[in-house]
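Note sheet for the following structure.
The values are calculated or read from the model by the stated rules, or taken from the named source; none is laboratory data. All of these numbers come straight from a predicted model, not from anything done at the bench. FYI the Cβ positions are ideal-geometry reconstructions off the backbone, even for glycines, and counts take in every protein chain you see.
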Amino acid sequence: MSERPPISPRSPRAALEPEQVPPPPKRSDRARNPFVVVGNAIITILLIAMLGAGAVYYYGRQILETAGPLKEDKIVNIPSRAGKRDIADTLNKEGVTDVNPWVFIAAVFALKASSDLKPGEYAFQKNASLRDVVATIVEGKVVQHAVTIPEGLTSEQIVARLSENDIFTGSVREVPREGTLLPETYKFPRGTTREQVIQRMQQTHKRVLAEIWERRSQDIPIKSPEQLVTLASIVEKETGKPDERSRVAAVFTNRLKQKIKLQSDPTIIYGLVGGKGTLGRPIKRSEITQPSPYNTYVIDGLPPGPISNPGRASLEAAANPARTRDLYFVADGSGGHSFTETYDAHQKNVAKLRAMEKQIQNDTVEPADDAQAPAAAVPAPADNPPTATTRPTQQKKPPAARPATNPPAPARQGAVQTTPPVVQR
């Protein structure tokens, strides 16, 4: 049995006084080691940094992933040479983002996109997050604008259209040669230079022409791809109906084979106005016999070059025309043409169209008491029957109506055209 320590009697006053606390033990030499102190400090700093990084990561992720303020899809143009701050201000101004510009810049650095931001027009989706916005700009998938170049325009007219379109920049140094541009619907980003547009149209034309030339019918009287373009340009100007192209091409091909003059009115017009494309008035009779390298009422065979830029369909039609023996065609009054093999049958179709025109004028024009009823066309002399006609004067204009003449002599038994009457002189 262990002995208890003796009890020392204490006075009441002494009992009320607190006992003296023993001094703390001395720190060991190891705890006072500077390496230990530094190590503890480093660990403490690392813990604080980790907690801070976690907080920043959580906060940053919230900013990156939170839906943006954009109420609906929107296209925004990021100017060239715009810095990060400029881009941030533009996005805020357009309502795509609503964060402080420095937050946007920090997000760009966090996403490692500092050197990948590209100028251009971008389509941002509704409620796009900051991450989505940055990713869209980094991907560089700019908005593509569809630009349609109609078939049958001259190179000068095409250059004029490109000059009027404000999505392109720069100017065209030189109008391309006629027939070297392929009319089609192209897609370009805003800021594309007009020279780049011309180059792309020329490259596409070369590729398509080479493909069609390889598939051409072997019995067409065409000796080169350039001649094919010339014939196709005439076909393009003669009809706007897709289902007629190959048959119109057949008429001209048959005429070339039989060494009959093509007698195409659009060639007269091109010889008069060149690349401007349109005459703005009916062809005069004196112009039908006016010598010109392009006047196919005067020259034999094809003109020296294209009179427009034909589309793919007209090139295909010229390379593979319909297998017919047609030598004539005339407007049928409904936007199309009537085709015939003989001149007599052709004249009957001309008479039908004249009668139709006269009937339409009688039905739609009420002459005054003291005025003469207007004529649909200037009549040709009785001994000089026409081989070309006009469209009915009140008829709705069909797609891509072509200029025309009213050649008077049977000697010019050409393919008959389709628009305003010749002014007789």
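Tabulated data for the structure shown
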| quantity | calculated |
| --- | --- |
| Qualifying residue in the range 316-324 (condition: among the small types (Gly, Ala, Ser), surrounded by fewer than 22 Cβ atoms within 10 Å (Cβ to Cβ) and part of a strand (DSSP E or B)) | no |
| Qualifying residue in the range 303-310 (condition: touching a Pro at 6+ places or on another chain (Cβ under 8 Å), surrounded by 18 or more Cβ atoms within 10 Å (Cβ to Cβ) and assigned to a helix (DSSP H, G or I)) | no |
| Complete set of residues in the range 325-357 that are in a loop (DSSP other than H, G, I, E, B), surrounded by fewer than 19 Cβ atoms within 10 Å (Cβ to Cβ) and not small (Gly, Ala, Ser) | Arg325, Asp332, Glu341, Thr342 |
| Residue list for the range 91-119, filter: of a type outside the set (D, E, K, R) and touching a strand residue (DSSP E or B) at 6+ places or on another chain (Cβ under 6 Å) | Val96, Pro119 |
| Pair list, Cβ < 7 Å and 6+ apart or interchain, from the range 266-295 residues that are free of Cβ contacts under 8 Å to residues at least 12 places away in the same chain to residues that are β-branched (Val, Ile, Thr) | Thr289/Val298; Pro291/Val298 |
| Residues (out of contact with any Phe, Trp or Tyr (no Cβ under 8 Å at 6 or more places or on another chain) and surrounded by fewer than 16 Cβ atoms within 10 Å (Cβ to Cβ)) located in the range 275-300 | Lys276, Thr278, Gly280, Arg281, Ser286, Gln290, Pro291, Pro293, Asp300 |
| Helices (runs of 4 or more DSSP H) contained entirely in the range 115-214, each with at least 1 residues that are modelled with pLDDT of 95 or more | 155-164, 194-214 |
| Tally, over the range 72-86, of residues that are among the charged types (D, E, K, R), at pLDDT below 90 and surrounded by 11 or more Cβ atoms within 10 Å (Cβ to Cβ) | 0 |
| Test: residue in the range 219-238 that is within 17 Å of the chain's Cα centre (by Cα), of a type in the set (Lys, Arg) and either in the same structural domain as Asn295 (by TED's automatic domain parsing) or at pLDDT 95 or above (or both) | no |
| Those residues of the range 251-287 which are within 17 Å of Tyr328 (Cβ to Cβ) and assigned to a helix (DSSP H, G or I), in sequence order | Val251, Phe252, Thr253, Asn254, Arg255, Leu256, Lys257, Asp265, Pro266, Thr267 |
| Verdict on Ser217 being of a type in the set (Ser, Thr, Tyr) and part of a helix (DSSP H, G or I) | no |
| Any chance Val298 is outside any loop (DSSP other than H, G, I, E, B) and β-branched (Val, Ile, Thr) | no |
| Odd one out for Thr148, checked against (1) of a type outside the set (Asp, Glu); (2) surrounded by fewer than 17 Cβ atoms within 10 Å (Cβ to Cβ); (3) touching a His at 6+ places or on another chain (Cβ under 7 Å) | (3) |
